[in-house]
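What follows is a set of notes on a single structure, which appears directly below.
The values are calculated or read from the model by the stated rules, or taken from the named source; none is laboratory data. What you are looking at is a predicted structure, and each value in this text was computed from that prediction instead of being measured. Glycine also receives a Cβ, built like all others from the backbone with ideal geometry; neighbour counts cover every protein chain displayed.
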Amino acid sequence: MQSNLNTIQEWCELLADLIWSTRQQVNNVARINSKTIVELRQPHLVEMLDDMSKQVTSLLSTLVTSTFVIEKQPPQVM
């Protein structure tokens, strides 16, 4: 059982790293876009980046809240 939990933990950590890296990339693009002169900015990029940021944050939240595993159930109280 412990080996399976270790494997799941490794997968979740790798996935969290990928999601976090994606979040940083979205933030970097938003920062670069904000420093670009107005004439060169892409239309609707700000809205797209906001949506992407929300989606990535949602993915991270879902990963954290959905991957809790109880290794041993506590005794049941009657």
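Which is over 30 Å from E71 (Cα atoms) and part of a helix (DSSP H, G or I), of Q25, Q9? Break it down into steps so the answer makes sense when it comes.
Values: Q9 fails: over 30 Å from E71 (Cα atoms).
Among Q25, Q9, only Q25 is over 30 Å from E71 (Cα atoms) and part of a helix (DSSP H, G or I).
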**Request:** Could you give me the residue pairs with C-beta distances under 8 Å whose first residue belongs to the range 1-18 and is without any contact (Cβ under 8 Å) to a residue 60 or more places away in the chain, whose second residue is surrounded by 10 or more Cβ atoms within 10 Å (Cβ to Cβ) and of a type outside the set (K, R) wherever it lies, and which are 6+ apart or on separate chains?
**Result:** C12/L63; C12/T67; L15/L63; A16/L60; A16/L63; A16/V64
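Which residues, taken from the range 46-78, are part of a loop (DSSP other than H, G, I, E, B) and either surrounded by 12 or more Cβ atoms within 10 Å (Cβ to Cβ) or among the aromatic types (F, W, Y) (or both)? Talk me through it step by step, then tell me what you get.
Filtering the range 46-78 for residues part of a loop (DSSP other than H, G, I, E, B) gives 67-78.
Result: T67, F68.
Condition check: within 30 Å of Q73 (Cβ to Cβ), assigned to a helix (DSSP H, G or I) and of a type in the set (F, W, Y). Does W20 satisfy that? Steps first, please.
Numbers: within 30 Å of Q73 (Cβ to Cβ): no; assigned to a helix (DSSP H, G or I): yes; of a type in the set (F, W, Y): yes.
For W20, the condition - within 30 Å of Q73 (Cβ to Cβ), assigned to a helix (DSSP H, G or I) and of a type in the set (F, W, Y) - is not met.
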**Qualifying positions in the range 1-31 - hydrophobic (A, V, I, L, M, F, W, C) and either under 13 Å from L60 (Cβ atoms) or exposed (fewer than 10 other Cβ atoms within 10 Å of the Cβ) (or both)** = M1, C12, L15, A16, L18, I19, W20, V26
**Request:** Out of T36, T62, report the one residue that is over 17 Å from W11 (Cα atoms) and without any contact (Cβ under 8 Å) to a residue 12 or more places away in the chain.
**Result:** T36
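Here is a check on your reading of the model: is S34 assigned to a helix (DSSP H, G or I), loosely packed, with under 10 Cβ neighbours inside 10 Å and modelled with pLDDT under 90? So that I can check it myself, show each step before the final result.
On the way: assigned to a helix (DSSP H, G or I): yes; loosely packed, with under 10 Cβ neighbours inside 10 Å: no; modelled with pLDDT under 90: yes.
No; evaluated as a whole, the condition is false for this residue.
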